[in-house]
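Colleague: For reference, the structure I am asking about is given below.
No value in this document is a laboratory result; all are computed from the given coordinates. The shown structure was predicted, so the numbers you read here are calculated from the model rather than taken from an experiment. Here the Cβ is made from the backbone with ideal geometry for all residues, glycine too, and neighbour counts use every protein chain on show.
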Amino acid sequence: MSRKVILFELNEVPFAVIDRFIRDEPASAVARVYQRSRQYLTMAADTRQLDPWVTWPTLHRGVPDERHGILHLGQQLARVDAEYPPIWQILRGAGRSVGVFGSLHSSNVPKDMAEYAFYAPDVFADRVQTHPAHLSGFQAFNLAMTRASARNVTRGLPWSETVGFLASIPRLGIRPTTAVAVATQVASEVVHPERKVRRRALQTRLMYDIFARLLERTRPDFATFYSNHVAAAMHRYWAAAFPDDYEGGELDPAWLERYGEELHAAMAEFSNILSHLARFVLEHDEYVLMITGSMGQAAIPNERTYEFLTVTDADRFASQLGAPAGSWRQRFAMVPCLSLEVDEAYRAAACARLETLVVGGKRMVRDHRPIAPLSYDESDGALHVFVQFDNYAGPGIAEIGGQVAALADLGLGMMAHEDGVNCTAQHVPEGALVVFDPRVRAPWDGARPAISTLDIVPSLLANFGVKRPAYLEGVANVAL
């Protein structure tokens, strides 16, 4: 008999972080669950680039980036969804009940969304679409807050979206403990304003509470839930948590003290969520819980930086490319990336003009990878632009189309790195997968066999007794 599966997508968290947290918190839910789970060292199968919007499609679809070709947020996916559908579409097409909550690229909503147990697209969606409809108040609030906190966490609240969210709370399942945590967080910021960065974790907890209510009420055969808050903390604060990983450079003691607990705090929020979710699985042992990332992170050389030059006004930027109002639409991506869907009549000219852009002596280059400080790509009608000059100190003018223009007139401006850092850790192929089976009481045996991220879809299909598509490359070697 197949088991029901919850796929908890813990973005980019490697065993180095997990093991450290278990060592420090041996009584935590993370320690209890992981120490009686099967554990696997995953290897990202991608060769063109390691970014979550690339590696998650590989894990979800069972083919590497060179085949699925998903390289950007904001990319049109109708064609690739037909050729290499994500696991939730495969299982739904095979008649299984499926719930999706926030998985990356789920904003490309399937036509049969109403036939899912529930469906809440990712935070890069360009419109509010949910099933059931009562999730729309939260989704509108979630999207608005994500846009406002694209790089730096805002303390403000969007009025209309907040009212809509509050009105929908009675149906969403927000736990009292979460309400208390939100109030405690807001109060703590009065004394420690730098701790507003922990709101990212509270966003995940709110999302989880809603997911948990949906899971309890619908009991789908397969459900996904995506969390990015630990990954965000690792990118920024790895150096504060693991200062010994940085040889040959002295880290600022004040910065280390200020942010030394942030990664631990992010993991503690995950542990809070896991405590509740593991209890559900233990009470409903027809489920198996898979917790996985699509890759990991590790330390990189870094320096303090408090601001960077990037695109801050999409309207002006598109106008400078020769795309008039109404001829383009913004498809949301992760700062400092910008995706613009441009009408065919203007697209080629926009690309040609984009290639003439010179800022601070650096010329725009075309590449499918985001290459600092200036690069772009074009796919399926969209331009994907990357602009990031850390600590920019160049002239206040740039050149485009052979003409000189002020940076502000080009839609370029400075954006803060509020915590004084760009990244202290970046993506690596090695990730972590654990399988928590409530029917298995034996402790973890200490083994972590290596598998490919291509092996997860075949393993899920084998569990559900669904015929595997011929194009899959992986093997069903994850025990469920």
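Colleague: So between E418 and R279, what do we pick up on full extension, going 0.36 nm a residue minus the alpha carbon distance? Walk me through the intermediate numbers first.
Modeller: Numbers: separation 139, 0.36 × 139 = 50.04 nm, distance 3.75 nm.
Additional length available on full extension: 46.3 nm.
Colleague: Using a Förster distance of 56 Å, how high is the FRET efficiency between R468 and A348, based on the Cβ-Cβ distance and rounded to 0.05?
Modeller: 0.90
Colleague: Next question, about the same structure. Which Cα, out of L454, P395, H417, lies furthest along the positive dipole direction of segment 380-474 (beta carbon charges, K/R +1, D/E -1)?
Modeller: Going by the charge dipole, the pick is L454.
Colleague: What angle, in degrees between 0 and 90 and rounded to the nearest 10, separates the Cα long axis of helix 176-191 from the longest principal axis of the Cα atoms of the chain?
Modeller: It works out to around 40 degrees.
Colleague: Roughly speaking, what is the stretch gain from D367 to E83, that is 0.36 nm per residue apart minus the C-alpha to C-alpha distance, in nm to one decimal?
Modeller: 99.8 nm
Colleague: Given contacts defined as C-alpha pairs under 8 Å and at least six residues apart, what's the relative contact order of the chain, whole-number percent?
Modeller: In percent, rounded to a whole number, it is 27.
Colleague: Calculate the dipole size of segment 307-416 relative to its Cα centre from +1 charges on Lys and Arg beta carbons and -1 charges on Asp and Glu beta carbons; express the result in debye to the nearest 20. Walk me through the intermediate numbers first.
Modeller: Values: 9 positive and 14 negative charges, 26 e Å.
The dipole magnitude comes to about 120 debye.
Colleague: So, R0 is 35 Å and r is the distance between the beta-carbons of M113 and N477; what FRET efficiency does that work out to, to 0.05?
Modeller: Efficiency, rounded to the nearest 0.05: 0.65.
Colleague: Given [x] 69, 52, 47; [y] 68, 66, 44; [z] 179, 67, 55, which label gives Cα extents along the principal axes in Å as computed from the coordinates?
Modeller: [x]
Colleague: Angle, helix 229-241 long axis vs. longest principal axis of the chain, Cα atoms, 0 to 90°, nearest 10?
Modeller: Helix 229-241 and the main axis of the chain meet at about 80 degrees.
Colleague: A follow-up question, please. Can you tell me how much longer the chain between A133 and R20 gets when fully stretched, taken as 0.36 nm per residue apart minus their C-alpha distance, in nm with one decimal?
Modeller: On the way: separation 113, 0.36 × 113 = 40.68 nm, distance 4.07 nm.
Computed gain between A133 and R20 is 36.6 nm.
Colleague: Taking Cα atoms, how many degrees apart are the long axis of helix 15-24 and the longest axis of the chain, rounded to 10 and kept between 0 and 90?
Modeller: It works out to around 60 degrees.
Colleague: Shifting gears a bit: How many nm is it between the label spots at S2 and A187, if each spot is 7 Å from the Cα in line with the beta carbon?
Modeller: It works out to 4.8 nm between the two label points.
Colleague: Sorting check: for 402-410, 226-234, 472-480, 131-139, which peptide has the highest mean count of neighbouring beta carbons within 10 Å, and how do the rest follow? Don't skip to the end; give the middle numbers.
Modeller: Numbers: 402-410: 13.8, 226-234: 24.4, 472-480: 16.6, 131-139: 19.1.
Going by the mean number of other Cβ atoms within 10 Å, highest first, we get 226-234, 131-139, 472-480, 402-410.
Colleague: Below 8 Å, C-alpha to C-alpha, sequence gap of six or more: please give me the relative contact order for segment 307-416 in percent. Mind showing how you got there, number by number?
Modeller: Details: 213 pairs, mean separation 39.4, N = 110.
About 36 percent, as a whole number.
Colleague: Please enumerate, by chain and number, the lysines with C-alpha under 26 Å from the C-alpha of K111, excluding those fewer than 8 residues away in the same chain.
Modeller: K4, K467
Colleague: Order of 415-426, 263-274 by packing, highest average Cβ count within 10 Å first? Can you show the working numbers first?
Modeller: On the way: 415-426: 19.1, 263-274: 22.1.
Going from most to least packed, we get 263-274, 415-426.
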